[in-house]
Amino acid sequence: MAIVTLLSDFGLRDHFVASMKGVMLGLNPELTFVDISHEIPPQDVFSASFTLGQTWHLYPPGTVHLAVVDPGVGGPRKALAASAGGHFFVAPDNGILSHVFSAAEDSAAFEITAEHYYRKPVSATFQGRDIFAPIAAWISRGIPLPQLGPALPDPVKLPLPAIKRVQDALIQGVVLAVDHFGNLVTNLRPEDVPRAFRIMAGKQEITRRCATYGEGAAGEFFIVAGSTGYLEIAVRNGSAAERLNMKPGFPIGVILQ
Amino acid sequence: MAIVTLLSDFGLRDHFVASMKGVMLGLNPELTFVDISHEIPPQDVFSASFTLGQTWHLYPPGTVHLAVVDPGVGGPRKALAASAGGHFFVAPDNGILSHVFSAAEDSAAFEITAEHYYRKPVSATFQGRDIFAPIAAWISRGIPLPQLGPALPDPVKLPLPAIKRVQDALIQGVVLAVDHFGNLVTNLRPEDVPRAFRIMAGKQEITRRCATYGEGAAGEFFIVAGSTGYLEIAVRNGSAAERLNMKPGFPIGVILQ
Amino acid sequence: MAIVTLLSDFGLRDHFVASMKGVMLGLNPELTFVDISHEIPPQDVFSASFTLGQTWHLYPPGTVHLAVVDPGVGGPRKALAASAGGHFFVAPDNGILSHVFSAAEDSAAFEITAEHYYRKPVSATFQGRDIFAPIAAWISRGIPLPQLGPALPDPVKLPLPAIKRVQDALIQGVVLAVDHFGNLVTNLRPEDVPRAFRIMAGKQEITRRCATYGEGAAGEFFIVAGSTGYLEIAVRNGSAAERLNMKPGFPIGVILQ
């Protein structure tokens, strides 16, 4: 049994996700589907790449990851089939695999051009159904990637925001994501903040480090080593994002003491 | 392995969907479930029928489609088992299969009366769990539809809104649905608008036709041939529905030039 | 094929749920997943317990139910593996299994301490991925619960709100839950209200009993025997919760006539 994960900005109300699954089951009825998320903010390729980057490697090798956040659908952007770390990926070539490519050392990418695998006619507005889903299903059945089209040596990669060391004791980071609980996931690693610190997040100064979400005092902001390797800014029993009015892209200043 | 799709207005927060799945797995543990949508607006049978109509035919023949938007639950409305195009359907007889019946040429419907297949006791408020789910599971195990009850020659069919040709060059259409991105799906087909046009949508005049969502200028409204065969009204990087303050049922005027 | 259900407050936007599923598929690729709900209000252990209690028993024996609403993650709360009614449960020991334990007569609980089954390193903030998911997968593969750790004779059980008989004809109940449609699920059973009654719900007096949601007059409040054995307060074609401005925990007064 082959596993296909799905990631998109299609939401769960319309037929879009089910249509992709129907097409895939028509080609390989033995598939196991797992939805990573379909609530990526519309057209937010970075958020999709970040979300995929946090979870793909937890799946067994051979898993096919289908990722469709595709603002350029129907336009000149390429369609991509890739392998990395023993996994397979099918996606538009718009940077949605940036975190995958950044984490894996052995990636290979191919431009999908083998139209005989497409669902016909190919819509100009929903190629998730007509190109990406059938290609994912064919890969799950063992079609080697080179049969899908020519090698693509330089797939699109988004710049992944790095921390800036302004001075020895002064670091500038950024909010990468806000999770469901309102925790602010930063691009700082625990080793970037090895000692006492002051963090400026919006107008809030933070000096406390906790090991768990439940450790802070009520209403107190703190940093905590999150589950995906980044420091997070959190507040006990509340949403740090709402309380600080911050969202992805907002700067974080760190002064090491 | 048999496939069962599920469509409802139950939402994803409560136990309702999981309860239907549990009942089905108890009768057939080898099922593959696919959720089409559980975010149909409460009691909106037309929206459910439209959503199902856009995706059921993409599944392999033999798939069982379980559709429960059921404002008349516990009342005199009949319970329905149907076949169409090699697929099976289980639903209240309230019009939720209208788009299926409209698209398939070989449909047959039966009134579910074989109470020995029900889960007992049958609740008057959640027959998705007690009647529709077990019937779907039994169908997935191969029970022929005629064993479920008598033929139902005239299942409920909602009127599907047709375009009106007011004059040779003047057409009146309607918004059928608003998708997750705010695109307005109309009941106009591309062949209904074969040449230059002016479309009146609310107070907005639209004269541009694009091939893809990404083609329009920022903020410009345009029409585009959507993936399910209908013309859509869209605006680049925005929600046409919000910008025009329109929703399903709103009229669209077309003047062919 | 083994069945694992999942219940959490993780939402569907982030990678959390998919990360738990990936870990489980890595240990047992033959799993069938069913999501009960991931939209439990953040940290609302009672709501999670109530939701699980309404559906677990509908699944076939042998099902593994993974329930992670875990405000105390990383702290001293124990991790729990339990059996009840032929089903298995994996959860933090915080009361999330209260309704299961209350309904089953044959439950047994064990504290999870067998670290060799964990995913390493164990995060202090996402033990759903690192402890609960792998334990659920190992149970699905047949590991007996006693191998996971010592018996836990007294797992945490939340007080389940009982009705109070203030006088012979005067009962005080409470709202247990509000469902997707806005129906108020109370802790009253139909047999608690065996004859004519007046119910005070907020400022609203209710005297009507209906058999189905569709039976009431437009705008009229009524009680109805819900599908899980509790009386519900409903209003036709509307949300009783919104109209009465009530939510879980609000009192309900019943005067039997």
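So here's what we get for this one:
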{"quantity": "Average beta-carbon neighbours from other chains, 10 Å sphere, peptide A:30-42", "calculated": "5"}
{"quantity": "Karplus-derived HN-Hα couplings along region C:250-256 (A = 6.51, B = -1.76, C = 1.60, θ = phi - 60°), whole Hz, x at Gly and Pro", "calculated": "6, x, 10, x, 10, 10, 7"}
{"quantity": "C:LYS203-B:ALA162 pseudo-label distance in nm [points 7 Å out on the Cα-to-Cβ vector]", "calculated": "5.2"}
{"quantity": "Residue among A:ALA217, C:ASN28, C:GLN43 farthest towards the positive dipole end of the protein assembly as shown, charges placed on Cβ", "calculated": "A:ALA217"}
{"quantity": "Accessible area of region B:124-257 divided out per residue, in Å², using a probe of 1.4 angstrom", "calculated": "46"}
{"quantity": "Extreme residue, positive dipole direction of chain C, given options C:ALA133, C:ALA67, C:ILE199 (C-beta unit charges)", "calculated": "C:ILE199"}
{"quantity": "Of every Cα-Cα pair in region B:164-256, the percent that sits beyond 15 Å", "calculated": "52"}
{"quantity": "Number of partner chain Cβ atoms within 10 Å, mean per residue of A:51-62", "calculated": "5"}
{"quantity": "Rounded percent of accessible protein surface that carbon and sulfur make up, the protein assembly as shown, 1.4 Å probe", "calculated": "52"}
{"quantity": "Placed amide H near A:ILE112: partners under 5 Å, 5+ positions off or other chain", "calculated": "A:ALA79, A:LEU80, A:ALA81"}
{"quantity": "Cα centroid separation, region B:179-193 to region A:76-118 (Å)", "calculated": "31"}
{"quantity": "Shielding of C:4-14 by partner chains, average beta-carbon count, 10 Å", "calculated": "5"}
{"quantity": "For peptides C:8-17, A:121-130, sequence by mean Cβ density within 10 Å, most packed first", "calculated": "C:8-17, A:121-130"}
{"quantity": "Highest-fluctuation residue, C:ALA218, C:ALA109, C:ALA48 considered, GNM on chain C with Cα pairs under 10 Å", "calculated": "C:ALA218"}
{"quantity": "FRET E, pair B:GLU220, A:ILE255, Förster distance 45 Å, beta-carbon r, rounded to 0.05", "calculated": "0.45"}
{"quantity": "Accessible surface of B:THR55 - all protein chains present, 1.4 Å probe, nearest 10 Å²", "calculated": "0"}
{"quantity": "Residues with amide H under 5 Å from that of B:ILE3, placed H, sequence gap 5 or more", "calculated": "B:THR32, B:VAL64"}
{"quantity": "Long-range amide H partners of A:ARG209 with built H, under 5 Å", "calculated": "A:ILE223"}
{"quantity": "Among C:HIS57, C:HIS116, C:HIS65, residue whose mean-square fluctuation peaks in a GNM of chain C (springs only between Cα atoms under 10 Å)", "calculated": "C:HIS116"}
{"quantity": "Spin-label zone in region C:55-75 - amide nitrogen under 20 Å from a point set 7 Å from the Cα of B:GLU30 along the C-beta vector", "calculated": "C:60-63"}
{"quantity": "J(HN,Hα) series, region B:188-193, from Karplus relation 6.51 cos²θ - 1.76 cosθ + 1.60, nearest Hz, glycine and proline x", "calculated": "8, 9, x, 6, 6, 10"}
{"quantity": "Convex hull of region C:1-126 built on C-alpha atoms - directionally averaged projected area, nm²", "calculated": "7.3"}
{"quantity": "For the protein assembly as shown: span of alpha carbons on each principal axis (Å, largest first)", "calculated": "77, 76, 48"}
{"quantity": "Electrostatic dipole magnitude of region C:104-257 [Cβ: Lys, Arg +1; Asp, Glu -1; Cα centre; debye, to 20]", "calculated": "340"}
{"quantity": "Electrostatic dipole magnitude of the protein assembly as shown [Cβ: Lys, Arg +1; Asp, Glu -1; Cα centre; debye, to 20]", "calculated": "940"}
{"quantity": "Relative contact order [Cα under 8 Å, 6+ residues apart], chain B, whole percent", "calculated": "16"}
{"quantity": "GNM result for chain A, Cα springs below 10 Å: residue of A:SER49, A:SER239, A:SER227 fluctuating most strongly", "calculated": "A:SER227"}
{"quantity": "Using a 7 Å Cα-to-Cβ projection, A:PRO146 label spacings across copies, nm, ascending", "calculated": "5.6, 5.6"}
{"quantity": "Base-10 log of normalised Debye intensity for chain B (one unit scatterer per alpha-carbon) at q = 0.10, 0.11, 0.16 Å⁻¹", "calculated": "-0.55, -0.65, -1.08"}
{"quantity": "Karplus-derived 3J(HN,Hα), 6.51/-1.76/1.60, for each residue of region C:194-208, Hz, glycine and proline x", "calculated": "x, 9, 4, 7, 10, 10, 9, 10, x, 8, 9, 9, 10, 10, 9"}
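The values are calculated or read from the model by the stated rules, or taken from the named source; none is laboratory data. Quantities reported herein were computed from a predicted structural model and do not represent experimental measurements. Here Cβ is always computed from backbone atoms with ideal geometry, including for glycine, and neighbour counts include all displayed protein chains. Only protein heavy atoms, including side chains, enter the accessible area calculation; ligands, DNA and RNA are left aside. Shrake-Rupley method; radii C 1.70, N 1.55, O 1.52, S 1.80 Å.
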